[in-house]
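**Student:** The structure under discussion is supplied below as structure tokens; questions concerning it will follow.
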Ligand SMILES: CC(C)(COP(=O)(O)OP(=O)(O)OC[C@H]1O[C@@H](n2cnc3c(N)ncnc32)[C@H](O)[C@@H]1OP(=O)(O)O)[C@@H](O)C(=O)NCCC(=O)NCCS
């Protein structure tokens, strides 16, 4: 599953994946704005070129912000999320970033588990950060420190 730089032509396919996988999906405009802002984004496809997942990141000074990571619903639970996250970690190390940061819904235990198993730690909680079915939901801010890696080389 080789990463490929995400381009505008992929947006219709990833929008459908996004809408099926999230109760509060990014809109087409969110995706377009992210590409326009030159965020780094990749798709991951199977051998038939069907998109299995994608990720959007933003490089801010020495921080990589993980903005959106998603695996199509019928492929979840098969290790693809971990592979996509591995790519983000490798990319961040290549960029000599000090840290990878992300926010995740407090109810999204699956994603939190993925991050915890890959070296992320919980930093803080942002109260009422996300819209929810009823009211608002907290965000857990998580970080993976890469400074030791940079120091070691
Ligand atoms: C979160 C997401 C990217 C994970 O991708 P995935 O391909 O399903 O995950 P993987 O199969 O690589 O699993 C990686 C780890 O996630 C956790 N996980 C996977 N499925 C799980 C489940 N059903 N319940 C709890 N944890 C689970 C496990 O820790 C797993 O590691 P393990 O297999 O060694 O136990 C995917 O579920 C997804 O796209 N969800 C919708 C969008 C989303 O929530 N994005 C994150 C926003 S912050």
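The values are calculated or read from the model by the stated rules, or taken from the named source; none is laboratory data. What you see is a predicted model; the values in this text were computed from it and never measured. In this analysis, Cβ positions are derived from the backbone assuming ideal geometry, glycine residues included, and neighbour counts consider all displayed protein chains.
**Student:** In region 97-114, which residue that is touching a helix residue (DSSP H, G or I) at 6+ places or on another chain (Cβ under 9 Å) and either modelled with pLDDT under 95 or near the ligand (Cβ under 9 Å from one of its atoms) (or both) is farthest from residue 44 (Cα to Cα)? It would help to see each step written out before you state the result.
**Tutor:** Taking region 97-114 and keeping what is touching a helix residue (DSSP H, G or I) at 6+ places or on another chain (Cβ under 9 Å), we get 97-100, 102, 104-106, 110-111, 114.
Keeping just the survivors that are either modelled with pLDDT under 95 or near the ligand (Cβ under 9 Å from one of its atoms) (or both) gives 102, 104-105, 110-111, 114.
Details: 102: 20, 104: 21, 105: 24, 110: 20, 111: 18, 114: 18 Å.
Here the residue is 105.
**Student:** Please go through region 47-66 and give me each residue that is assigned to a strand (DSSP E or B) and either more than 15 Å from the ligand (Cβ to nearest atom) or surrounded by fewer than 18 Cβ atoms within 10 Å (Cβ to Cβ) (or both), ordered by number.
**Tutor:** Residues of region 47-66 assigned to a strand (DSSP E or B): 51-60, 63-66.
Passing the criteria: 58, 59, 60, 63, 65.
Yes or no, residue by residue, for (1) within 24 Å of residue 144 (Cα to Cα); (2) touching a strand residue (DSSP E or B) at 6+ places or on another chain (Cβ under 8 Å); (3) modelled with pLDDT under 95:
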| position | (1), (2), (3) |
| --- | --- |
| 43 | yes, yes, no |
| 47 | no, no, yes |
| 58 | yes, yes, no |
| 64 | yes, yes, no |
| 68 | yes, yes, no |
| 74 | no, no, no |
| 88 | yes, yes, no |
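**Student:** Which of the residues that make up region 101-139 are within 14 Å of the chain's Cα centre (by Cα) and in a strand (DSSP E or B)?
**Tutor:** Correct list: 101, 102, 103, 104, 105.
**Student:** Of everything in region 73-94, what is surrounded by fewer than 15 Cβ atoms within 10 Å (Cβ to Cβ) and either more than 7 Å from the ligand (Cβ to nearest atom) or assigned to a strand (DSSP E or B) (or both)? Give them in sequence order.
**Tutor:** Hits for region 73-94 are 73, 74, 86, 90, 94.
**Student:** I'm checking my understanding of the structure. Among residues of region 8-26 that are over 13 Å from residue 69 (Cα atoms) and touching a residue at least 12 places away in the same chain (Cβ under 8 Å), which one is surrounded by the most Cβ atoms within 10 Å (Cβ to Cβ)?
**Tutor:** Applying the filter and picking the extreme gives 10.
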